[in-house]
Amino acid sequence: MELNPIVSVKDLRFSYPKREILKGVDFELYQGEVVSLLGANGCGKSTLIRLILGLIKGKGEINIAGKELRKYSQKEMASHIAYIPQYHNVPFNYSVLDMVVMGRVFKLGLFASPSKSDFEIAHKALKTIGIASMASRAFGELSGGQKQMVLLARALTQEAKTFIMDEPVSGLDYGNQMRLLEMIKELSSLGYTFLKTTHYPDHAILVSSRVVVMDEGKIIASGTSDEVITSEMLRDIYDIDAKIVTYETRQLCIPIFKS
Amino acid sequence: MQKNSARWIVISLVVLLLFATFSLLWGQYPIDFHTFMEYLGYKLFGISSSDTSTFALLDNIILQIRLPRVLLAILIGSSLATSGAVFQAMFVNPLVSPGILGVLAGASFGAALGMLISNEWFVVQILAFVFGFLAVGLAVLIGTMVTNSRSTVMLVLGGVISGSLFTSLLSVIKYMADPYSTLPAIVYWLMGSLSSAELSNVLLISIPMLLSVLMMVVMSKYFDILSLGDEEAKALGINVKLIRIIAILLATLASSLSVVMAGIIGWIGLIIPHIIRMAIGPSHRVLIPLSAIFGAIFLLLADSISRLALSVEIPIGILTSLIGIPIFVIVLKNARASWN
């Protein structure tokens, strides 16, 4: 790991008029990491990543690649960090290639439109993700898992090295969940850094170099999944009983019902 | 993909050019193509094989009467269709247009007010633009006041209310206007007509109209992204607020100026973008330039019909409504697939 973090957050706070969401968060993301943010609904995971992306404003310090976040233009941010939202519907049914080439637009001058090379980069990204054959299909007609793959391809065309994903597997079927996690692992081996929120401890175990646990607006644990994901933690955060067992070398969460 | 879109744009430009040429030839006094080419050769290069004495008549018909009208139809058709496509993208709402959002009503009130208080053409234009913008602002305000989230139907309703307000204000102006001079002028102008076009006026107004259409075409690459919602667009490196406000101002300017030149010409801004989305696809990089070209073709065609169909000229605004309404009903029935 390098010494300078890509993202560095100090004493970050955020509140809505009647509710404090983040109560002083310190967090760092280093190059090459795959960090899973774990926590119950409303613990502030999504707020944290939206603050880091500059989509909302809070109090405290956020540095991206050693420079204060507020000194970045939207354009500069997009070349450092790509955001992959939860899969969604589009108002107009663009083609997959149209969706992917959108990742190139912030690089263009006012009078330019996407060039041949921009489309080549988009095609290459689709190939990397393994969905080259979908280029001319309509985005709106894809399955949730395919949509997520398209959004990943779009992130690749931004040529940013850090990807932030908000609950990437939410709404996907089991097969697509696993395919997406595998893709994250593959991209991480190509040198991309990931910060993702998740509801599934098992997913955090499967694909992360570090697990960060949040509870009521604070980070309460950070470390490898072996260190962090324990029966005690699951009881504290989710109020469930669960056993952590090891199968071969991998941890597994086994929830235990009370009755 | 990219080659395809370039090809579509070239083909439709050729079609537009053909229609424009035919519009110069068609009319109460038909001009045959051969004579036209000779006239063109004489005007452009000073060469002629036949008698040049008839060219004075052609000068009058083509340069004074038909050319300004053809140019104006192209300008207004493309302004309205482009503005419609841009409004639909900016509000992420396939049911809006300059007409639906109340822009045309606001601009007509502004222009009528300008005619009432001033003889300056420039004042009329500025007031049309200002009130066009106020009308769309009011529509958005009403549309978001009732529900916090972005609602397709509420914005349409907001536009209907805003449009009605400015239509009633326009009635106040009509009531106050001199019934022998200003009132008939306002009434005929509002029905929508391209017949009063004068070359010098048309050339003058073509500058802001063409510039705003061209700027909207240039900005079209941002519109796909903006339609994904503000947060995602921001994360894709786009200055959301700036681009949205500039695009709305440009669309308002172009459609307000069309009102100044030819009154309220409805439906073009609503149906042309839908037809292109259904026929070619929703990407704004293609949709915006093609809306500009096909809007022009549509209005040229409508104007030719209005001149030639009956011995009296049908006001163009009435004609576009008569053609536009059945088309929109068909579009509504089929278009859901292209906008989910």
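Counting only residues that are of a type outside the set (S, T, N, Q) and facing another protein chain (nearest Cβ under 8 Å), which one in region A:113-134 is surrounded by the most Cβ atoms within 10 Å (Cβ to Cβ)? Here the residue is A:Pro114. Condition first: among the polar types (S, T, N, Q) and free of Cβ contacts under 8 Å to residues at least 40 places away in the same chain. Now tell me which residues in region B:167-193 satisfy that. Correct list: B:Ser168, B:Ser171, B:Ser181. If I filter region B:42-80 down to residues being part of a loop (DSSP other than H, G, I, E, B) and of a type in the set (Val, Ile, Thr), which single residue comes out as surrounded by the fewest Cβ atoms within 10 Å (Cβ to Cβ)? Out of the qualifying residues, it is B:Ile47.
Among the residues of this structure, B:Leu199 counts as one that is surrounded by 15 or more Cβ atoms within 10 Å (Cβ to Cβ), away from chain A (no Cβ under 14 Å), under 20 Å from B:Ala296 (Cβ atoms) and touching a Pro at 6+ places or on another chain (Cβ under 7 Å). A:Pro85 passes all but one of (1) closer than 21 Å to A:Leu172 by Cα; (2) surrounded by fewer than 21 Cβ atoms within 10 Å (Cβ to Cβ); (3) more than 12 Å from every other protein chain (Cβ to nearest Cβ); which number fails? Going through the list (1) closer than 21 Å to A:Leu172 by Cα; (2) surrounded by fewer than 21 Cβ atoms within 10 Å (Cβ to Cβ); (3) more than 12 Å from every other protein chain (Cβ to nearest Cβ), A:Pro85 breaks only (3).
Among the conditions (1) part of a strand (DSSP E or B); (2) out of contact with any Asp or Glu (no Cβ under 7 Å at 6 or more places or on another chain); (3) touching a residue at least 24 places away in the same chain (Cβ under 8 Å); (4) more than 14 Å from chain B (Cβ to nearest Cβ), the only one that A:Ser8 does not satisfy is (2). Could you please let me know if B:Ser212 is part of a helix (DSSP H, G or I) and more than 13 Å from chain A (Cβ to nearest Cβ)? For B:Ser212, the condition - part of a helix (DSSP H, G or I) and more than 13 Å from chain A (Cβ to nearest Cβ) - is met.
Taken over region B:278-302, the criterion of being of a type outside the set (A, V, I, L, M) and modelled with pLDDT under 90 is satisfied by B:Gly281 alone.
Scanning region B:168-196 for residues that are β-branched (Val, Ile, Thr), within 20 Å of the chain's Cα centre (by Cα) and surrounded by fewer than 17 Cβ atoms within 10 Å (Cβ to Cβ) gives a single hit, B:Val187. Every test in (1) more than 8 Å from every other protein chain (Cβ to nearest Cβ); (2) surrounded by 22 or more Cβ atoms within 10 Å (Cβ to Cβ); (3) at pLDDT below 95 is passed by A:Val96 save one, and that test is (3).
In this structure, does B:Gly295 turn out to be in a loop (DSSP other than H, G, I, E, B), within 25 Å of B:Thr152 (Cβ to Cβ) and small (Gly, Ala, Ser)? The answer is no for B:Gly295.
Among strands (runs of 3 or more DSSP E) entirely within region A:179-225, having at least 3 residues that are more than 16 Å from the chain's Cα centre (by Cα) singles out A:218-223. If I ask for residues that are within 11 Å of another protein chain (Cβ to nearest Cβ) and surrounded by 15 or more Cβ atoms within 10 Å (Cβ to Cβ), which ones from region A:135-158 would you list? Passing the criteria: A:Ala135, A:Ala138, A:Phe139, A:Gly140, A:Leu151, A:Arg154, A:Ala155, A:Thr157, A:Gln158. Among the residues of region B:148-171, are any out of contact with any strand residue (DSSP E or B) (no Cβ under 6 Å at 6 or more places or on another chain) and closer than 12 Å to B:Thr252 by Cβ? Looking through region B:148-171, none of the residues is out of contact with any strand residue (DSSP E or B) (no Cβ under 6 Å at 6 or more places or on another chain) and closer than 12 Å to B:Thr252 by Cβ.
Taking region B:220-268 and the helices (runs of 4 or more DSSP H) fully enclosed by it, the elements with 2 or more residues that are within 11 Å of the chain's Cα centre (by Cα) are at B:240-262.
Given the criteria outside any strand (DSSP E or B), in contact (Cβ under 8 Å) with a residue 24 or more places away in the chain, surrounded by fewer than 18 Cβ atoms within 10 Å (Cβ to Cβ) and among the small types (Gly, Ala, Ser), does A:Ser170 qualify?
yes
Being in contact (Cβ under 8 Å) with a residue 40 or more places away in the chain, small (Gly, Ala, Ser) and surrounded by fewer than 24 Cβ atoms within 10 Å (Cβ to Cβ) is the filter here, so list the residues in region B:264-280 that pass it. The one that is in contact (Cβ under 8 Å) with a residue 40 or more places away in the chain, small (Gly, Ala, Ser) and surrounded by fewer than 24 Cβ atoms within 10 Å (Cβ to Cβ): B:Gly266.
With respect to the stated conditions, B:Ser83 fails to be part of a loop (DSSP other than H, G, I, E, B), surrounded by 22 or more Cβ atoms within 10 Å (Cβ to Cβ), at pLDDT 85 or above and among the polar types (S, T, N, Q).
The values are calculated or read from the model by the stated rules, or taken from the named source; none is laboratory data. For clarity, every value in this text was computed on a predicted model and none was experimentally measured. Here Cβ is always computed from backbone atoms with ideal geometry, including for glycine, and neighbour counts include all displayed protein chains.
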